[in-house]
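Note sheet for the following structure.
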Amino acid sequence: MAQQTSGRDGFATRLGVLAATLGSAVGLGNIWKFPALTGQNGGATFLLVYIIATLLVGLPVMISEIMLGRKAKANAVRTYRELGPKGQPWSLIGISGVIAAVLIMGFYTDVAGWVFAYIFKAMSGSIATTDPAVAKEAFVALVGSPTQSLMWQWIVLALVSAIILGGVSSGIERTTKILMPVLLLLLCVVCARSLTLPKAAEGLAFLFTPDFSKITGGVILMALGLAFFKLSIGMGTMTTYGSYFRDDQNIPVTAARVMLCDLSISILAGVAIFPAVFNFGFEPSAGPSLLFMTIPAVFASMPGGQLFTVIFFCLTAIAATGAMLSLFEVPVAWLVEEFKMSRAKATIGTALVLGVMGAPATLSMSVLGDFKMFGLNMFDLYDFVSSNILLPVGGIFICIFAGWVWGSKRTRELLSNGGHLDNAAVVSGFLFVVKWVSPVLVTIVLLNGLKLF
Ligand code: PHE
């Protein structure tokens, strides 16, 4: 083992491990992206495919990554290089992950910027409306302004860099541990209000009554991409986080808990948003703007709504920050350990690259609106290439690596913590899925979704 890994910072407690891993998974993916994609892709059917993808692909890839990261105690690039047979290019998984992290941050910081801006809009009362036209106007005024949206994106980048400079355990662990439960509580409040709206039933029907005619290869790929994005897998984030795991942590159980919590939060967000969409006459397929229009509308229809709106966007901002910290950690850990850069330099360098890279995504809502590649604007392109191509491809190779290269014997050893855990049946099930089911499924969905067969 390389000597500079011995002094690695790590998560101090087992609860801290769970909280920090959840902190990476839970974010704009649950609150913003999940409702947006569900609304655009026909509701319940999409939800169903997404849940299947999470169970059959998401969970196994997550377990594999954490296991390998904890074994190597290194960043993603080094993990696959060191654990793989010499001379084989497995470290490309890590490299592709670094690229995916940068692409995701390119649009994620943009949306996070909108969330931060909405905290202030909520304080001023300017977004407290149940009228779809007024809500849309407020949203467009923000995303359509190049200066405002860029300014918010850069504020977000500066903030995240500042937290990263504080180090792994102090920065990430502390922030996420306290605030996750509060976010959950507030989501329940929104759900309660949303469910008591007069036309709530229509929204619930949309979310929970599947219509199988809506399934296409493209929709399935989208749901699979969301499963990867949601659990922060396929790109080395969970490998890097695994490297901070304690040796006595039960990996399959921790991963399953994270997956279940994460899924519950997404579904809660759906229950908070869709009844309101149908009640107030919003467009379910509004996409990126959906969250920003419906949540203020729900709160505007209840007492104390303004305060709740402010708190809601604050907590969403914090959840987004937890996820961004983990995204940042991928290139930062790589630069520090591969190129012996100081943590400060690596963080600032990453932030500068992101400031430049993120701008085209942000500006695609305004001045660069007509600039398209493969029919997508830069915001959608970053999202598509990362979630729907790089993460699934990374996932295929991670499964092959864990199941076939690392192999059954060593996997049993690692997942039972050297025989200390009595989980042989669970590990056998995991090995079967990771060898035979997940890689095959992802390959088929990917090729079919990209219309390659
Ligand atoms: N899982 C995070 C979310 O849903 C996003 C993310 C993706 C974070 C990939 C890290 C890596 O918001």
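The values are calculated or read from the model by the stated rules, or taken from the named source; none is laboratory data. What you see is a predicted model, and the numbers here were worked out from it, not measured in a lab. Because the Cβ atoms are built from the backbone with ideal geometry, glycine has one as well, and the counts that use them run over all protein chains shown. Surface accessibility is based on the protein's heavy atoms, side chains included, excluding ligands, DNA and RNA. Shrake-Rupley method; radii C 1.70, N 1.55, O 1.52, S 1.80 Å.
Residue under question is ILE155, and the condition is that it be closer than 30 Å to TRP334 by Cα, at pLDDT 90 or above and open to solvent by 10 Å² or more (accessible area, probe 1.4 Å); does it hold?
Values: closer than 30 Å to TRP334 by Cα: yes; at pLDDT 90 or above: yes; open to solvent by 10 Å² or more (accessible area, probe 1.4 Å): yes.
Against the criterion (closer than 30 Å to TRP334 by Cα, at pLDDT 90 or above and open to solvent by 10 Å² or more (accessible area, probe 1.4 Å)), ILE155 qualifies.
Taken together, LEU325, LEU268, LEU307 contain a single residue that is within 22 Å of PHE116 (Cα to Cα) and free of Cβ contacts under 8 Å to residues at least 12 places away in the same chain, which is LEU307. Can ASN75 be described as open to solvent by less than 10 Å² (accessible area, probe 1.4 Å) and more than 11 Å from the ligand (Cβ to nearest atom)? Yes: the conditions hold for ASN75.
Within the range 94-117, the set of residues being more than 14 Å from the ligand (Cβ to nearest atom) and open to solvent by 10 Å² or more (accessible area, probe 1.4 Å) comprises ILE95, PHE116.
Within the range 38-86, being more than 21 Å from ALA255 (Cα to Cα) and among the hydroxyl-bearing types (Ser, Thr, Tyr) holds for THR38, THR45.
Within the range 236-260, if we keep just the residues that are at pLDDT below 95 and not in a helix (DSSP H, G or I), the residue that is nearest to the ligand (Cβ to nearest atom) turns out to be GLY236. Within the range 30-45, being closer than 13 Å to ILE267 by Cβ and within 16 Å of the ligand (Cβ to nearest atom) holds for ASN30, ILE31, PHE34, PRO35, THR38. Among the residues here, ALA20 does not qualify as more than 16 Å from the ligand (Cβ to nearest atom), modelled with pLDDT under 95 and crowded, with 24+ Cβ neighbours inside 10 Å. Given the condition of a type outside the set (S, T, N, Q), open to solvent by 30 Å² or more (accessible area, probe 1.4 Å) and part of a loop (DSSP other than H, G, I, E, B), answer yes or no: does some residue in the range 168-191 qualify? No, the range 168-191 contains no residue that is of a type outside the set (S, T, N, Q), open to solvent by 30 Å² or more (accessible area, probe 1.4 Å) and part of a loop (DSSP other than H, G, I, E, B). Of the conditions (1) more than 15 Å from the ligand (Cβ to nearest atom); (2) buried (at least 21 other Cβ atoms within 10 Å of the Cβ), LEU197 clears all except one; give me its number. In the conditions (1) more than 15 Å from the ligand (Cβ to nearest atom); (2) buried (at least 21 other Cβ atoms within 10 Å of the Cβ), LEU197 misses (2) alone.
Going through the range 203-235 one residue at a time, which ones are within 16 Å of the ligand (Cβ to nearest atom) and either over 17 Å from SER24 (Cβ atoms) or assigned to a helix (DSSP H, G or I) (or both)? Explain how you work it out, then say what you get.
Kept after step one, since they are within 16 Å of the ligand (Cβ to nearest atom), are these residues of the range 203-235: 222-235.
Passing the criteria: MET222, ALA223, LEU224, GLY225, LEU226, ALA227, PHE228, PHE229, LYS230.
Please determine whether any residue of the range 292-303 is open to solvent by 10 Å² or more (accessible area, probe 1.4 Å), under 14 Å from THR129 (Cα atoms) and not hydrophobic (A, V, I, L, M, F, W, C). Yes: one or more hits.
Of the residues that make up the range 30-41, is at least one under 13 Å from PHE397 (Cα atoms), crowded, with 24+ Cβ neighbours inside 10 Å and either among the hydrophobic types (A, V, I, L, M, F, W, C) or in contact with a strand residue (DSSP E or B) (Cβ under 7 Å, 6 or more places away or on another chain) (or both)? The answer is no, given that none of the residues of the range 30-41 is under 13 Å from PHE397 (Cα atoms), crowded, with 24+ Cβ neighbours inside 10 Å and either among the hydrophobic types (A, V, I, L, M, F, W, C) or in contact with a strand residue (DSSP E or B) (Cβ under 7 Å, 6 or more places away or on another chain) (or both). Just one of (1) among the polar types (S, T, N, Q); (2) closer than 17 Å to ALA255 by Cβ; (3) assigned to a helix (DSSP H, G or I) fails for ASN417. It is (3).
Select from the range 247-288 the residues that are among the small types (Gly, Ala, Ser) and surrounded by fewer than 22 Cβ atoms within 10 Å (Cβ to Cβ) and list them in ascending order. The answer is ALA256, SER264, GLY281, SER285, ALA286, GLY287.
In the range 15-31, the residues that are aliphatic (A, V, I, L, M) reach residues that are within 6 Å of the ligand (Cβ to nearest atom) and open to solvent by 10 Å² or more (accessible area, probe 1.4 Å) with C-beta atoms within less than 8 angstrom, at least six apart or across chains, in these pairs: ALA25/SER232.
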